[in-house]
Amino acid sequence: MNDGALHDYTEFDLVWIASLVPNKEEILECIFQTNPDATVAIWSVDGIRQLLYEPVDATKFSKVACEEVGRTIADTFTINSNMYYTFKQ
């Protein structure tokens, strides 16, 4: 158990970040520094679901060398949406 911005992600192809994690930008930076081949999935929420969880502000990721490669949108059967990022080379 430690801060995700201090972890070594070398062995992980896919890393999930929960919507309630506070320092997502620093964690993204650390992930791509230790494993530029990783894909990062970040849980977020849309619409009325924002009453349950904090939505992710993707504009904060502009300082990180990454790009959004996909996104899911929540529907009547799911609460969370997901955003997928890879290292921008």
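The values are calculated or read from the model by the stated rules, or taken from the named source; none is laboratory data. What you are looking at is a predicted structure, and each value in this text was computed from that prediction instead of being measured. All Cβ positions, glycine included, derive from the backbone under ideal geometry; neighbour counts span all protein chains shown.
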Inset, instruction - Of all residues in segment 58-77, count the ones that are out of contact with any helix residue (DSSP H, G or I) (no Cβ under 7 Å at 6 or more places or on another chain) and either free of Cβ contacts under 8 Å to residues at least 12 places away in the same chain or among the aliphatic types (A, V, I, L, M) (or both). - result: 9
Inset, instruction - Run down Val56, Val69 and say which single residue is surrounded by 13 or more Cβ atoms within 10 Å (Cβ to Cβ) and under 12 Å from the mean Cα position of the chain (by Cα). - result: Val56
Legend entry - Top-ranked residue of segment 57-67 - restricted to ones that are in a loop (DSSP other than H, G, I, E, B) and of a type in the set (A, V, I, L, M, F, W, C), ranked as nearest to Leu20 (Cα to Cα): Val64
Legend entry - Residue selected from segment 71-89 under the condition among the polar types (S, T, N, Q) and part of a strand (DSSP E or B), by the criterion nearest to His7 (Cα to Cα): Thr86
Legend entry - Top-ranked residue in segment 22-49 [being closer than 12 Å to Asn80 by Cα and surrounded by 12 or more Cβ atoms within 10 Å (Cβ to Cβ); ranked as modelled with the lowest pLDDT]: Arg49
Legend entry - Failed item, numbered, when Ser19 is tested on (1) outside any strand (DSSP E or B); (2) among the small types (Gly, Ala, Ser); (3) modelled with pLDDT of 90 or more: (3)
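Residue-wise test of (1) farther than 27 Å from Asn2 by Cβ; (2) in contact with a strand residue (DSSP E or B) (Cβ under 6 Å, 6 or more places away or on another chain); (3) aliphatic (A, V, I, L, M); (4) not in a loop (DSSP other than H, G, I, E, B).
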site	(1), (2), (3), (4)
Glu26	no, no, no, yes
Glu29	no, no, no, yes
Arg49	yes, no, no, yes
Pro55	no, yes, no, no
Val69	yes, yes, yes, yes
